[in-house]
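Student: Quick one: the structure is below, questions incoming.
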Amino acid sequence: MEMPLVRVLQQPASPLMKARLCKHKSRNMKRSGDSEGEKRRKRRKLLQELGDQKIPFLGPSDRGYQQLWDSSYSGLVLRRSCSLPAELHGRVQAALLTLRRKGCLLRDLVRIRDRDVFTAVSRALLGEPGHTYRYLDTRLFAIPWHSEDTDVKGQNCCDPDFRAACKALWELNTFFCSDVSQLKEGDRLTQCVKGEAEAKQGEEGDTGSKHSEDSKNSEGGESESRQSEEGDTESKHSEEWDIESKHSEEGCSGSKQEGEWETESKHSSEEGESSQVKPSEAAVAAGSEHSEGKFPGWAPKAISGTETKPVGLGAQEKPVAQLKHSLSGYHIEDTEEQASGQGCSQPSPPQVYTGPVKFNVTLLNYMDPAATSQLKEEPYYGMGKMAVGWHHDENLISHSPVAVYSHSCHNDKGESSEGGSGEMACWRIGLKVAWDIHTPGLMLPLESGDCYYMRDDLNSTHQHCVLAGETTRFSSTHRVAECSSGTLTYIQSRCQEALSNLHTDPETGSHNLLALLPTTLQHCEEIHNEVEFEWLRQYWFQGQRFARFCSWWTGPMEQLEKDWKLMETMTMLFLETVEEEGQEGEGRREMAETLLSSLTDRHQQRQTWRDRCHSSLAQTLPPEEAPVDRPFWGVDDPSMPLPFDLADIINRVESLLWRM
């Protein structure tokens with residue numbers, strides 16, 4: 001019996017089906033719950049060890065800043081605004097404002113620990129035609145570059161202004177590909193005035209360092225807010241560490257964004273080797289007045305062989321090396337998360353980046369701090385308000401570089417900001433060694449038009465955050481996305497794999513399966529699920545919002561829907577084969593169990609997506625941005641078969657298994 005799939009949730013499930021779904025869900029929850037509980041316990045222990053102390057960090061005005069950059073953050077390169085062509089600045093900034101005025105920079109509704117949350121920043125993805133980028137259970141569908149030498153030339157998928165804006169960002173991408181490839185080992189700063197670095201270094205000795213009280217004042221009374229933050233260690237700090245242990249991307253303030261948290265975290269070889277901090281690694285103790293905020297006395301070399309203590313820890317606290325060793329368990333989720341990054345049934349092995357730099361996507365971000373009611377304080381160093389929490393950029397080719405263009409302005413007319421009164425007024429990037437509490441953090445102020453590159457393994461061994469300034473900010477973050485299972489070409493080939501097992505009679509239009517091996521049928525059902533949950537559901541949940549600006553994806557997604565409907569037909573043919581009385585007992589049971597496993601998973605995932613589409617947060621979106629509850633759709637083409645009622649199919653298979 002064929003029924004519209006929209007009735008799935010109305011169809012009563014059998015007791016056996018309910019038990020199977022409950023067992024399936026509890027097994028997954030137990031597996032994730034055990035690891036989450038262990039990580040929470042370790043984080044809680046670490047936070048108790050740290051107490052209310054702050055880890056030191058250095059800014060440009062602090063003594064030892066350049067030494068710290070060279071010794072611990074050598075993969076970071078800053079290209080000052082004045083070193084880029086003025087014409088490129090003009091085109092890129094005009095493009096960002098055009099996209100903003102057209103309204104195509106939108107907040108994402110992402111998934112963190114089984115909860116939907118809005119990103120703090122608005123964004124859009126541009127890139128190679130047919131590419132996607134996945135983060136926090138959300139797949140973004142790239143708007144094509146619209147460069148002259150791409151397949152989109154001549155296609156009328158967007159208006160001329162929009163096309164010109166995309167092309168300008170492609171020109172920036174081309175510049176970055178060339179510029180990053182030309183960097184030499186040891187390059188740290190690309191500037192417009194020769195000797196500027198030496199001049200700044202000379203100023204450091206005169207300027208000295210800022211006391212932590214100065215940063216408190218500029219941040220608007222940090223000590224007062226800390227009382228509420230630290231009153232409940234688990235609710236504030238532990239939540240921060242929890243989110244950092246998941247993969248994420250830019251946008252969720254204090255909950256991991258602009259990239260990812262611990263995609264490929266690796267602890268250093270020194271972890272746990274000694275209970276004493278090595279002199280070359282430790283910060284020099286400088287009294288309780290430096291236990292919070294910046295620590296100007298930090299030095300990369302040992303001083304007169306004197307035994308040192310961890311910065312920011314009292315005399316009764318354990319040595320930093322021991323605390324650092326206790327963090328070694330925080331990497332257990334990395335392999336699991338990485339394996340499921342693109343959601344394909346057979347994850348590809350990690351790729352290591354080699355050859356010339358070729359950024360294939362850029363994630364555009366926009367934020368107006370004045371329009372954001374609550375931004376969390378950076379909890380570990382006291383760096384200020386975070387627009388984007390600590391994270392690694394997610395789903396990238398290993399050791400591939402990241403290039404970021406930053407543009408801050410006072411209003412939507414694009415009037416550039418020249419910086420406010422001090423470091424805290426401008427936008428900044430914070431960096432830290434991943435899961436390391438003894439190496440001081442680094443804070444890098446950004447002027448409008450500045451660019452920075454993260455090279456080599458910096459993205460995997462370090463974390464970064466974005467610290468909010470007083471003006472609005474755009475950023476264009478260029479990446480080498482890992483797209484082995486994230487391109488249109490890939491999913492089209494997967495569809496062909498599944499549909500190659502379906503024969504259609506050219507005269508009658510009737511269908512039949514060519515191969516009935518359980519492994520073949522299972523493979524087809526896995527592709528069926530991948531098409532629905534990694535592509536169709538993702539597109540109609542948020543990807544379709546951009547179709548009103550650029551319709552490039554409309555045709556391909558319509559074809560994927562047709563392929564999916566044929567796979568629904570294949571599922572029914574699979575069921576008919578299982579129900580045939582003439583089938584051999586063992587082979588029939590194996591096929592029935594294979595079908596039941598795939599359908600149980602499909603039923604659970606459809607329930608999850610339906611809940612997401614009708615969640616209270618989703619209902620707050622305007623109609624043009626709201627998720628669409630597809631593929632629980634009515635069929636537009638009468639010649640295509642209706643979707644089938646999963647609850648009915650599962651009941652039939654269960655009944656069959658009981659009778660065997």
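Student: Given Lys102/Lys385; Lys45/Lys376; Lys167/Lys376; Lys102/Lys376; Lys45/Lys385, which pairs have Cα atoms separated by over 32 Å?
Tutor: Numbers: Lys102/Lys385 29 Å; Lys45/Lys376 22 Å; Lys167/Lys376 35 Å; Lys102/Lys376 29 Å; Lys45/Lys385 25 Å.
Those over the limit are Lys167/Lys376.
Student: Which whole-Hz ³J(HN,Hα) couplings does the range 55-67 yield from phi under the Karplus relation 6.51 cos²θ - 1.76 cosθ + 1.60, θ = phi - 60°, glycine and proline marked x?
Tutor: 7, x, 9, 10, x, x, 7, 8, 5, x, 4, 5, 4
Student: Calculate, for Asp368 and Thr508, the FRET efficiency according to 1/(1 + (r/R0)^6) with r their C-beta to C-beta distance and R0 51 Å; round to the nearest 0.05.
Tutor: Numbers: r = 60 Å, r/R0 = 1.19.
Rounded to the nearest 0.05, the efficiency is 0.25.
Student: Order of 525-538, 388-401 by packing, highest average Cβ count within 10 Å first? All intermediate terms of the calculation are to be shown ahead of the outcome.
Tutor: Details: 525-538: 21.8, 388-401: 25.6.
Per-residue Cβ counts within 10 Å, averaged per peptide and sorted highest first, yield 388-401, 525-538.
Student: How would Arg115, Arg80, Arg494 line up by accessible area, probe 1.4 Å, largest first?
Tutor: On the way: Arg115 115, Arg80 45, Arg494 15 Å².
Output order, biggest surface exposure first: Arg115, Arg80, Arg494.
Student: Could you rank Ser475, Ser551 by how accessible they are, 1.4 Å probe, largest area first? All intermediate terms of the calculation are to be shown ahead of the outcome.
Tutor: Details: Ser475 0, Ser551 50 Å².
From most accessible down to least: Ser551, Ser475.
Student: With each label point set 7 Å from Cα along the Cα-Cβ vector, what nm distance links Arg111 and Glu558?
Tutor: 2.9
Student: Rounded to the nearest 0.05, what FRET efficiency is calculated for Leu499 and Ser551 with R0 set to 22 Å and r the Cβ-Cβ distance? Walk me through the numbers on the way to the answer.
Tutor: Details: r = 25 Å, r/R0 = 1.15.
Rounded to the nearest 0.05, the efficiency is 0.30.
Student: Calculated FRET efficiency, Thr520 and Gln492, Cβ-Cβ r, R0 25 Å, to nearest 0.05? Intermediate results must be reported in sequence, preceding the final value.
Tutor: Numbers: r = 20 Å, r/R0 = 0.79.
Step by step, r from the Cβ atoms, then E = 0.80.
Student: Sticking with this structure for a sec: Ranked by accessible surface with a 1.4 Å probe, highest first, in what order do Thr508, Thr520, Thr138 come?
Tutor: Values: Thr508 100, Thr520 40, Thr138 5 Å².
The ordering from most to least exposed comes out as Thr508, Thr520, Thr138.
Student: With each pseudo-label sitting 7 Å past Cα toward Cβ, what's the Glu586-Met660 distance in nm, one decimal?
Tutor: 1.3
Student: Starting from the 7 Å offset along Cα-to-Cβ, what nm value, one decimal, do you get for the label separation of Ser74 and Lys45?
Tutor: A separation of 3.4 nm, rounded to one decimal place.
The values are calculated or read from the model by the stated rules, or taken from the named source; none is laboratory data. Owing to the predicted nature of the structure, the values given are computational and were not obtained by experimental measurement. A quick note on method: Cβ atoms are made from the backbone with ideal geometry, for glycine too, and the neighbour counts reach across all protein chains shown. Each accessible area value is taken on the protein alone, full model and side chains, heavy atoms only, with ligands, DNA and RNA left out. Shrake-Rupley method; radii C 1.70, N 1.55, O 1.52, S 1.80 Å.
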